[in-house]
Amino acid sequence: MTTKILVVDDEQLLEYVIQQRFRQKIRAKEIEFVFAHNGREALEKLAEFPPFDLVLTDINMPEMDGLTLLEKLSQIDNTLKAVVISAYGDMQNIRTAMNRGAFDFLTKPIDFQDMEITIQRALETVKKVRQNLTEFQEVQTQLIQNEKMASVGQLVAGVAHEIYNPVSFIIGNIEHAENYFQELITALNIYQQHCSLNNPEVQTQIDALDLPFLLEDLPLLLNSMKEGTERIRGISTSLRTFSRADSTSKVRFNIHEGIDSSLLILSHRLKAHEGKPEIQVIKDYGEFPQLECYPGQLNQVFLNILANAIDALEEWNSGRSRDEIKANPNKIRIRTFLTDESEKNIKDNSLSHVIISIADNGIGMTEEVKQRVFNHLFTTKSVGKGTGLGLSISRSIVEEKHGGRLSCNSTPGEGTEFIIEIPT
């Protein structure tokens with residue numbers, strides 16, 4: 001990767017000398033120098049061509065001097081190092097610069113051998129600082145992920161457990177009630193066949209009960225209750241599938257059950273309510289054996305990506321009329337398939353992959369957003385609506401935990417597709 005250095009000095013001669021001194025490294029694309037002539041122009045360059053690794057700045061310049069620039073650098077990138085340049089007799093300003101965070105200083109006339117050594121030392125420090133920061137962010141992300149998964153998993157598992165027990169009790173009793181009512185109906189039919197119904201009081205009660213309708217509707221009523229409780233038990237099972245704890249090693253898992261359980265968790269956001277249109281989910285599941293993986297963590301990936309798709313569609317809807325939404329309704333398409341042999345050989349000559357594609361037909365992403373979407377703490381959502389950790393955690397789970405790949409395809413106005421590849 002090319003090292004990018006910003007040189008800030010109002011002397012044109014310095015620019016020429018630096019380009020000549022470092023011409024071999026510039027041609028080899030080891031170093032790229034960007035030049036500015038004062039602090040204000042330097043800030044523009046920093047915003048226009050990020051990221052930079054080092055700033056070499058003169059102290060005494062028009063419009064904005066080097067000391068003022070130093071104060072602003074930490075606000076832009078606290079890992080960015082600065083080396084100040086000034087006359088040897090200007091030690092007071094040099095001391096002030098060092099107190100304001102300068103990494104080192106060079107005196108004029110510049111000793112270019114000393115400059116090369118100073119630049120090398122500064123770049124090594126920047127590299128080490130950024131590496132430590134990356135490692136810290138990875139640990140922080142992992143801790144947040146573990147805490148999030150534990151809290152969500154405990155909550156969902158607790159709810160699933162509380163639902164499952166009473167529903168099982170109701171289902172068991174409905175079966176007994178069916179038997180009891182069937183026996184009563186049989187006894188009543190026998191009574192009607194062999195006993196006189198000429199008693200006015202009995203006939204009045206039969207008419208009041210609408211007995212024929214009651215006998216016809218009661219089995220249907222019990223069957224409807226039984227079907228409803230079975231559906232609740234299915235929801236409980238899906239919740240337990242989503243919240244299942246991972247073992248220290250991978251286990252065989254039906255990823256379609258994981259996707260379905262994630263959709264269940266988000267079902268309230270998929271339905272039409274309070275002026276929000278329905279989001280259609282189109283599932284195109286392939287046929288392949290269970291995948292060896294960490295189920296709970298993969299479920300978290302599915303949940304993160306699906307929630308982002310819903311967010312994108314809701315944002316899209318906010319700028320559309322009812323007629324526009326009706327003409328082009330919200331859709332999330334989920335496809336799963338196993339790579340064929342030709343794709344397998346092209347990829348790595350050994351493993352086939354399970355592919356999970358989750359695509360929406362929302363507003364899509366710009367190229368800039370797409371390049372940063374997996375970055376730690378990056379989010380396009382307003383304050384309080386997103387931490388910027390979901391996709392960063394998801395990539396870590398897919399690539400580091402499962403040896404797979406998580407990628408994104410998106411075009412503004414044409415929706416977004418996330419592709420999860422897991423080796424079998």
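Things to note:
- Legend: residues M365, M98, sorted from most to least accessible area (1.4 Å probe; ligands, DNA and RNA excluded), read M98, M365.
- In whole percents, the pair-distance distribution calculated for the stretch 1-48 from its alpha-carbon pairs, binned every 10 Å from zero, is 27, 50, 23, 0.
- Given R0 = 56 Å, the distance between the Cβ atoms of K29 and K271 translates into a calculated FRET efficiency of 0.55.
- Phi to ³J(HN,Hα) by Karplus 6.51 cos²θ - 1.76 cosθ + 1.60 over the stretch 90-104, Hz, x for Gly, Pro: 9, 5, 5, 5, 5, 4, 4, 4, 5, 5, 8, x, 5, 6, 6
- Built amide H within the under 5 Å cut-off of G362, gap 5+: G415, T416
- Between Q203 and M225, the FRET efficiency from the beta-carbon distance, with R0 = 30 Å, is close to 0.45.
- Distance between the 7 Å Cα→Cβ label points at E287 and N132: 5.8 nm.
- On full extension, the segment bounded by F49 and Q19 gains 8.9 nm, given 0.36 nm per residue less the C-alpha separation.
- The charge dipole of the stretch 52-117, taken about its Cα centre with unit charges on the Cβ atoms of Lys, Arg (+1), Asp and Glu (-1) only, comes to about 220 debye.
- 20 Å Cα-Cα threshold exceeded, pairs from K250/K401; K271/K331; K276/K326; K81/K127; K72/K370: K72/K370
- Ranked by how many other beta carbons lie within 10 Å on average, peptides 61-69, 301-309, 170-178 from highest: 301-309, 61-69, 170-178
- Rough spin-label spacing in nm, given labels placed 7 Å along Cα→Cβ, for I171 and E324: 4.6
The values are calculated or read from the model by the stated rules, or taken from the named source; none is laboratory data. Note that the structure is predicted; figures quoted are calculated from it, not measured. Virtual Cβ from ideal backbone geometry, glycine too; neighbours counted across all protein chains shown. Side chains included, ligands, DNA and RNA excluded: accessible areas come from the protein's heavy atoms. Shrake-Rupley method; radii C 1.70, N 1.55, O 1.52, S 1.80 Å.
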